[in-house]
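Data first, discussion second: the structure below is written as structure tokens.
The values are calculated or read from the model by the stated rules, or taken from the named source; none is laboratory data. If you're wondering where the values come from, they're calculated on a predicted model, not measured in any experiment. In this analysis, Cβ positions are derived from the backbone assuming ideal geometry, glycine residues included, and neighbour counts consider all displayed protein chains. Note: areas computed on protein heavy atoms with side chains; ligands, DNA, RNA excluded. Shrake-Rupley method; radii C 1.70, N 1.55, O 1.52, S 1.80 Å.
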Amino acid sequence: MTCLKSMSVGFGEWQAEPLLSHFYPDDLPFDWRADYYFNYFRVAMTSQSDWMQWDQEMLSMLNEAMLAENLFYLKWSECTPESITQFRFLRGGLGAKLAGILITEGWCADDLALHQADLEDLAVTLMTPSEDEWVLSGWQWRYNNDRFSGAPLAYFDSLPAHIKEQRAEIESFKNSLPGSTAVPVFVNPQQVTTKQLTDLSSMIELLGY
């Protein structure tokens, strides 16, 4: 499920500590962060340690801040009964604004099969070490020591500093896609500045992706 019209860039953790110093203004109230973020970026992702703490007040803040073109993605690192319960709560609260999940090392194929009904109509991407045998059907892409499979999504954990090298990484990802380039691209906020991310977004736009 996606309403993206092009390759859309965002931070891999939209409230990460580094963003408090180089992205969000010092005097910006917490309640306004979502409005501020989605004024710059179309897509957002957050880690499981964050979304496990979200309550109805947080969901209301996100729903008020997000426009029709904005989408949220969850990074889900460990499948537990508690996380399944919280995920159901978040999905009910965010509705169509929740577009997909990136599942990682704390999942196995049996977990995914057991909770398939909970994930229905969501874009599910699996990120595993390249040597792992478990992959989802359909699209695959290798980046550094990881393999992505399932619904196309990029997560750059260590984006090169040089723009030419960044372009090579983006083109590698683009060439792996089975069709449309209307996919999310996330970058580790611990590793890039806001300017680097906006420059990356501008480059992708110039490339026509």
For region 10-59: accessible area per residue (Å², 1.4 Å): 50
- request: Please find, in a Gaussian network model of the chain (springs between Cα atoms separated by less than 10 Å), the residue of Leu19, Leu136, Leu28 whose mean-square fluctuation is greatest.
  value: Leu28
query: Calculated from the structure, Cα extents along the principal axes in Å equals which of [x] 42, 41, 27; [y] 70, 33, 31; [z] 68, 46, 31?
result: [x]
Estimated 222 nm signal from helices in the chain, with DSSP H stretches of n ≥ 4 weighted -39500 (n - 2.57), rounded to 500: -10000 deg cm²/dmol
query: About the Cα centre of region 8-207, what is the dipole size in debye to 20, counting +1 per Lys and Arg Cβ and -1 per Asp and Glu Cβ, all else neutral?
result: 640
message: Could you tell me the relative contact order of region 80-173? Use alpha-carbon pairs under 8 Å, at least six residues apart, and round to a whole percent.
response: 19
query: Sorted by mean Cβ packing within 10 Å, highest first, what order do the peptides 177-190, 138-151 take?
result: 177-190, 138-151
message: Just to verify a number: FRET efficiency for Glu64 and Ala182, C-beta to C-beta distance, R0 = 22 Å, to 0.05?
response: 0.30
task: Distance between Cα centroids, region 131-151 to region 8-75: provide it in whole Å.
output: 27
query: When we measure straight from the Cα of Lys174, which lysines land under 17 angstrom away, once same-chain ones fewer than 8 places off are left out?
result: Lys5, Lys164
- line: Rounded to the nearest 10 Å², the accessible area of Lys195 using a 1.4 Å probe with every protein chain kept is 130
Top of Leu153, Leu94, Leu71 by mean-square fluctuation, Gaussian network on the chain, Cα under 10 Å: Leu94
- prompt: R0 = 25 Å: FRET efficiency of Glu17 with Glu82, Cβ-based, nearest 0.05?
  reply: 0.55
query: With contacts defined as alpha carbon pairs under 8 Å and 6 or more residues apart, what's the relative contact order of the chain in percent?
result: 26
- prompt: What length, rounded to one decimal in nm, is gained on full extension from Ala161 through to Thr193, with 0.36 nm per residue of separation minus their alpha-carbon distance?
  reply: 10.5 nm
statement: Once both label points are put 7 Å beyond Cα along the C-beta direction, the Asn175-Ala96 separation in nm becomes 3.7
task: Select from the chain the helices, each a whole stretch of DSSP H, whose alpha-carbon atoms run 15 Å or more along the helix axis and whose Kyte-Doolittle mean is at least -0.5; answer none if there are none.
output: 81-94, 194-207
Total formal charge among the other residues, if their Cβ is under 14 angstrom from that of Met61, Lys/Arg +1 and Asp/Glu -1: -4
